[in-house]
Amino acid sequence: MKLSAPKFITWLLGTFLGVLGLLIYFGVVSISVMTFSPFWLVVAGFGILAAAPLFSGL
């Protein structure tokens, strides 16, 4: 299996979701319309960053 580096926009999205989840968790940022745990933002960001090398063009 040949792995490839994620595109910049994919890396940016995964990092943004992870950092946003951490900021919400620690109370730096508050989003009142968010009805789910900030943990899932971090999981989604990590999932994007982990899956990106497996698929070409992502």
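Listed conditions (1) touching a Phe, Trp or Tyr at 6+ places or on another chain (Cβ under 8 Å); (2) surrounded by fewer than 14 Cβ atoms within 10 Å (Cβ to Cβ); (3) small (G, A, S) are all met by G14, apart from (2). Pairing each residue of the stretch 4-21 that is farther than 13 Å from A50 by Cβ with any residue that is not in a helix (DSSP H, G or I), provided the two are 6+ apart or on different chains, yields C-beta distances under 8 Å for S4/S56; K7/G57; K7/L58; L20/V29.
Can you find a residue in the stretch 32-40 that is under 10 Å from the mean Cα position of the chain (by Cα) and without any contact (Cβ under 8 Å) to a residue 60 or more places away in the chain? Yes, the stretch 32-40 contains a residue that is under 10 Å from the mean Cα position of the chain (by Cα) and without any contact (Cβ under 8 Å) to a residue 60 or more places away in the chain. Using the structure shown, decide if S56 is outside any helix (DSSP H, G or I), polar (S, T, N, Q), loosely packed, with under 10 Cβ neighbours inside 10 Å and touching a residue at least 12 places away in the same chain (Cβ under 8 Å). Spelling it out, S56 is indeed outside any helix (DSSP H, G or I), polar (S, T, N, Q), loosely packed, with under 10 Cβ neighbours inside 10 Å and touching a residue at least 12 places away in the same chain (Cβ under 8 Å). Of the residues making up the stretch 1-39, those that are hydroxyl-bearing (S, T, Y) and outside any loop (DSSP other than H, G, I, E, B) are T10, T15, Y25. Could you grab me the full set of residues in the stretch 17-37 that are surrounded by 11 or more Cβ atoms within 10 Å (Cβ to Cβ) and at pLDDT 90 or above? Of everything in the stretch 17-37, those that are surrounded by 11 or more Cβ atoms within 10 Å (Cβ to Cβ) and at pLDDT 90 or above turn out to be L17, G18, V19, L20, G21, L22, L23, I24, Y25.
Can you go through K7, K2 and tell me which one is surrounded by 12 or more Cβ atoms within 10 Å (Cβ to Cβ) and either among the aromatic types (F, W, Y) or over 11 Å from the mean Cα position of the chain (by Cα) (or both)?
K7
The values are calculated or read from the model by the stated rules, or taken from the named source; none is laboratory data. Computed from a predicted model, the values in this text were never measured in an experiment. Virtual Cβ from ideal backbone geometry, glycine too; neighbours counted across all protein chains shown.
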